[in-house]
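Just below is one structure, and these are the notes that go with it.
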């Protein structure tokens, strides 16, 4: 499966209206498209940053949807008062593990890394065999995923937790695992974000 992420930044005063638009109008419209499996939305209220992710059953379906979803994205940008447009990226789904459904209002940690594209498979193996067994033992763990861009060598790992407290208590462990993986595969950690989950309905099957 494949996913497309769209990151927007806008006016904090407009965030609630942007979340409503995404939940009530964009979500049903995009998931009705051929080949779309679902959608999730993460946000940081303090800086009005939102990341919408749509899942697709094939790369062809994802690419074919580009022209159709562009006006939806533009409407979201206007609603949020976004400046500079959206940052859009397409990924291959490499690993997914579900412990239990992710409730609305839960939290996620996103870890962005980049490195030599030739190390992508090694990074996937490290996540599956080293990282996943550790994080799934943590209190409040809901699910985890790893998305890869094999052409650029970029990856993004996401771990969802039931509460902000659960994600806070996992920070030290996550930092240690992050350092270990980055060193092992020669990658650079480009960023780490903790964001609230507005809704999570990607419907990507288990791929652990």
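The values are calculated or read from the model by the stated rules, or taken from the named source; none is laboratory data. Remember, predicted model here, so these are calculated numbers, not experimental data. Positions of Cβ are generated from backbone atoms using ideal geometry, with glycine treated the same way; all protein chains shown enter the neighbour counts.
Would you call residue 104 closer than 30 Å to residue 137 by Cα, assigned by TED's automatic domain parsing to the domain that holds residue 189 and without any contact (Cβ under 8 Å) to a residue 60 or more places away in the chain? For residue 104, the condition - closer than 30 Å to residue 137 by Cα, assigned by TED's automatic domain parsing to the domain that holds residue 189 and without any contact (Cβ under 8 Å) to a residue 60 or more places away in the chain - is not met. Of all residues in region 44-65, how many are surrounded by fewer than 16 Cβ atoms within 10 Å (Cβ to Cβ) and either touching a residue at least 40 places away in the same chain (Cβ under 8 Å) or closer than 12 Å to residue 195 by Cβ (or both)? Summing the residues that are surrounded by fewer than 16 Cβ atoms within 10 Å (Cβ to Cβ) and either touching a residue at least 40 places away in the same chain (Cβ under 8 Å) or closer than 12 Å to residue 195 by Cβ (or both) in region 44-65 gives 6.
Residues that are over 13 Å from residue 177 (Cα atoms), touching a residue at least 60 places away in the same chain (Cβ under 8 Å) and either under 17 Å from the mean Cα position of the chain (by Cα) or not assigned by TED's automatic domain parsing to the domain that holds residue 100 (or both) within region 121-144 are absent altogether. Only one of the numbered conditions (1) outside any strand (DSSP E or B); (2) within 26 Å of residue 61 (Cβ to Cβ); (3) in contact with a strand residue (DSSP E or B) (Cβ under 7 Å, 6 or more places away or on another chain) is violated by residue 178, and that is (2).
Residue under question is residue 61, and the condition is that it be out of contact with any helix residue (DSSP H, G or I) (no Cβ under 7 Å at 6 or more places or on another chain), outside any strand (DSSP E or B) and at pLDDT 95 or above; does it hold? Yes. Scanning region 79-86 turns up no residue that is touching a helix residue (DSSP H, G or I) at 6+ places or on another chain (Cβ under 6 Å), assigned to a helix (DSSP H, G or I), surrounded by 19 or more Cβ atoms within 10 Å (Cβ to Cβ) and not assigned by TED's automatic domain parsing to the domain that holds residue 42. Being part of a strand (DSSP E or B), out of contact with any helix residue (DSSP H, G or I) (no Cβ under 9 Å at 6 or more places or on another chain), on the phi < 0 side of the Ramachandran plot and touching a residue at least 12 places away in the same chain (Cβ under 8 Å) is the requirement here; does residue 6 meet it? No, not satisfied. As a summary of the residue check, residue 106 satisfies the conditions (1) surrounded by 20 or more Cβ atoms within 10 Å (Cβ to Cβ); (2) within 16 Å of the chain's Cα centre (by Cα); (3) under 26 Å from residue 69 (Cα atoms) except for the one numbered (3).
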